Amino acid sequence: MSRFTRMPHLLLVSHFAMQLRLACLLLGIFCPLFSHATVSAKPTANDAQVVRIAYRTDSTPLQYLNDKGQADGILIDYWRTWSQTTGQAVEFVPGTNAEGQTWLAQNKVDLLAGVFQNEKRAKSMSFSAPLLHSEYFLFANAQEQDVEFIKQIANYSIGVTHNSFHHNWLKQYFPNADIRTFKGYQALFDAAINGEISLFICQPLYLDTYLKQTPSTTKFKPIESALYSHPYRAAVNKGNFQLLKSIDAGIQQIDNNKKRCYFSKVEWFSLGVSKFSRTVISDTANDFSN
């Protein structure tokens, strides 16, 4: 379990989530806190009445384990709304990115809360309609003057989370790069702070959240514009069309106002392709709850 997910300062994110929900209630939009949802510490035996959803514990504010040991985040709220809309009970199962994919392959969970689709994953998974879009950037230390263009990255060590979309993207487009993988974002960001890697790929808000919780004064800068913007989708085992049909039907029933309730005020997440960018991400960056 990542230490990052247990740090007390995650109360900041929880406060932000509560502000969003309160704002939605004032607008007359219902954002459920609980709806047929439970949390499991590990995969349980299959119950035909419950859909087991694996989620990442280290991707604040998208999907994470909060300081109270509960599933939390934009995607978690999205799935709670889906549960209420469809009447289908769900169980949230926390783990790393790699663990979730392994549990899915072993039928220990029924779906992944939100992942990027690529050719490798498509061999063993089927994907839902898009849930939300997100931009990912290549970051370097703000003091690093030698790296200005993405085409130069093959000359540097690049950190990514293990078995991630970003790992496979780098192997495809920069096969000769010095790619170093990490179990989760906590380890990735620690390595960047300690100078163990020169560059890394991540979603800006993940980095922003981390830097708010560390005493380090290190600043990072994105190299050029976003590397890519992709939609997060639910993933099920290949050919599980019955569940996939149920997922997509529920997604269609959730109107866009409810969807925006969860992420319209958060930079780098959107219903469509995002156009946000920021010059320098640092521990003095503005509170994203504003």
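Beyond 19 Å, what percent of the Cα pairs of the range 120-189 remain? Summing the P(r) of the range 120-189 above 19 Å gives 45 percent of all pairs. Each residue was assigned an accessible area with a 1.4 Å probe, and for Lys183 the value is about 140 Å². Summing +1 for each Lys or Arg and -1 for each Asp or Glu among the other residues whose beta-carbon sits under 10 angstrom from that of Gly100 gives +1.
Per residue, how much accessible surface does the range 69-139 expose to a 1.4 Å probe? Answer in Å², no decimals. Could you put the intermediate results ahead of the total?
On the way: 2090 Å² over 71 residues.
Result: 29 Å² per residue.
Which translational diffusion coefficient, to the nearest whole µm²/s, is obtained for the range 86-243 from the Stokes-Einstein equation, given a Kirkwood hydrodynamic radius over C-alpha pairs, 10 °C and 1.306 mPa s? Translational D for this selection: 94 µm²/s.
Whenever you get a sec, line up Arg180, Arg80 from highest to lowest accessible area (probe 1.4 Å, protein heavy atoms).
Arg180, Arg80
Computed with a 1.4 Å probe over protein heavy atoms only, the accessible area of Ser128 comes to about 0 Å².
Near Gln117: Cβ cut-off under 13 Å, other residues only, Lys/Arg at +1 and Asp/Glu at -1. The net charge is +4. Remark on Lys238: its backbone amide H falls under 5 Å from those of Met125, Ser126, a criterion applied only to residues 5 or more positions apart or on other chains, H modelled at 1.01 Å from N. Taken over the C-alpha atoms, the range 172-239 has Rg and Dmax values of 14.5, 48 angstrom.
Averaging the Cα positions of each part gives two centres, and for the range 122-152 and the range 184-240 these lie 8 Å apart. Applying the Karplus relation 6.51 cos²θ - 1.76 cosθ + 1.60 with θ = phi - 60° to the range 233-249 yields 3J(HN,Hα) values of 9, 6, 10, 10, 4, 3, x, 7, 6, 5, 5, 4, 5, 5, 4, 5, 5 Hz, where x marks Gly and Pro. For the residue pairs Lys183/Lys238; Lys151/Lys219; Lys123/Lys171; Lys151/Lys171; Lys183/Lys219, the C-alpha atoms sit more than 20 angstrom apart in Lys183/Lys238; Lys151/Lys219; Lys183/Lys219. Ligands, DNA and RNA left out, the 1.4 Å accessible surface of the range 103-218 is 45% carbon and sulfur atoms.
The values are calculated or read from the model by the stated rules, or taken from the named source; none is laboratory data. These numbers were taken from a predicted model, which means no experiment stands behind them. Cβ coordinates were reconstructed from backbone atoms using ideal geometry, including for glycine residues, and neighbour counts include every protein chain displayed. Note: accessible area is taken over every heavy atom of the protein model, side chains too, but ligands, DNA and RNA are not part of it. Shrake-Rupley method; radii C 1.70, N 1.55, O 1.52, S 1.80 Å.
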